[in-house]
1. Name the residues in the stretch 119-143 that are buried (at least 18 other Cβ atoms within 10 Å of the Cβ) and part of a loop (DSSP other than H, G, I, E, B), would you?
2. Which one of 80, 46, 70 is part of a helix (DSSP H, G or I) and surrounded by fewer than 16 Cβ atoms within 10 Å (Cβ to Cβ)?
3. Among the residues of the stretch 20-37 satisfying the criterion of being at pLDDT 90 or above and exposed (fewer than 14 other Cβ atoms within 10 Å of the Cβ), which is nearest to the chain's Cα centre (by Cα)?
4. Which of the numbered conditions does residue 116 fail, given that it passes all the others? Conditions: (1) loosely packed, with under 13 Cβ neighbours inside 10 Å; (2) under 18 Å from the mean Cα position of the chain (by Cα); (3) at pLDDT 95 or above.
5. When you check residue 40 against the structure, is it modelled with pLDDT of 90 or more, part of a helix (DSSP H, G or I), within 23 Å of the chain's Cα centre (by Cα) and surrounded by 14 or more Cβ atoms within 10 Å (Cβ to Cβ), yes or no?
6. Output the residues belonging to the stretch 154-179 that are over 21 Å from residue 101 (Cα atoms) and under 19 Å from the mean Cα position of the chain (by Cα).
């Protein structure tokens, strides 16, 4: 077998990242998916704890305020600790800052199509390397199912005091009318390579 040498100075950063991924005997996607899944677990656990505490103290009205203030803070803290950026998005976002970009929208639509074919929401995740602003970036999404407790703030029938709090904190809210078992949205992560 003939050895081949490569001149690194002639490769772009994107080409080097592609080579690192394709030549690495360990599957890079598996490693990135594992890292992303761990971050999603950390984010979910911290937010769930904060929401449960708020629900016990002041019901859904307090939980909405907690979600408004603490979810972005939790994501920001995890983003500072990692080389990943973590966020949430939805086809029907409550916060306009969580409106999906084109890539996220296509993945969310794919999740909806897969769910319609009978795929379990628990298995809906997707990751790939894409170019963002001229840099290869690993993007990963995992679906968020709508649970029974979610319906107090995201269902079709919301108590008037809860609706008033949502309208105050999220005047452009679209995140209502969900049923248990719907895809509420997704965690969306990206990691520059």
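1. 124
2. Numbers: 46 fails: surrounded by fewer than 16 Cβ atoms within 10 Å (Cβ to Cβ); 70 fails: surrounded by fewer than 16 Cβ atoms within 10 Å (Cβ to Cβ).
Exactly one of 80, 46, 70 is part of a helix (DSSP H, G or I) and surrounded by fewer than 16 Cβ atoms within 10 Å (Cβ to Cβ), namely 80.
3. Here is the first cut: in the stretch 20-37, the ones at pLDDT 90 or above are 31-37.
Next, from what is left, pick out any that are exposed (fewer than 14 other Cβ atoms within 10 Å of the Cβ): 31, 34.
Working: 31: 17, 34: 14 Å.
So, considering only residues that are at pLDDT 90 or above and exposed (fewer than 14 other Cβ atoms within 10 Å of the Cβ), the one nearest to the chain's Cα centre (by Cα) is 34.
4. Unmet condition: (2).
5. Working: modelled with pLDDT of 90 or more: yes; part of a helix (DSSP H, G or I): yes; within 23 Å of the chain's Cα centre (by Cα): yes; surrounded by 14 or more Cβ atoms within 10 Å (Cβ to Cβ): yes.
When the stated conditions are applied, residue 40 passes them.
6. Of the residues in the stretch 154-179, the ones over 21 Å from residue 101 (Cα atoms) are 154-169, 177-179.
Across the stretch 154-179, the qualifying residues are 154, 178.
The values are calculated or read from the model by the stated rules, or taken from the named source; none is laboratory data. Keep in mind the model is a prediction, meaning the values are calculated, not measured. Every residue, glycine among them, receives a Cβ derived from its backbone with ideal geometry; neighbour counts consider all protein chains shown.
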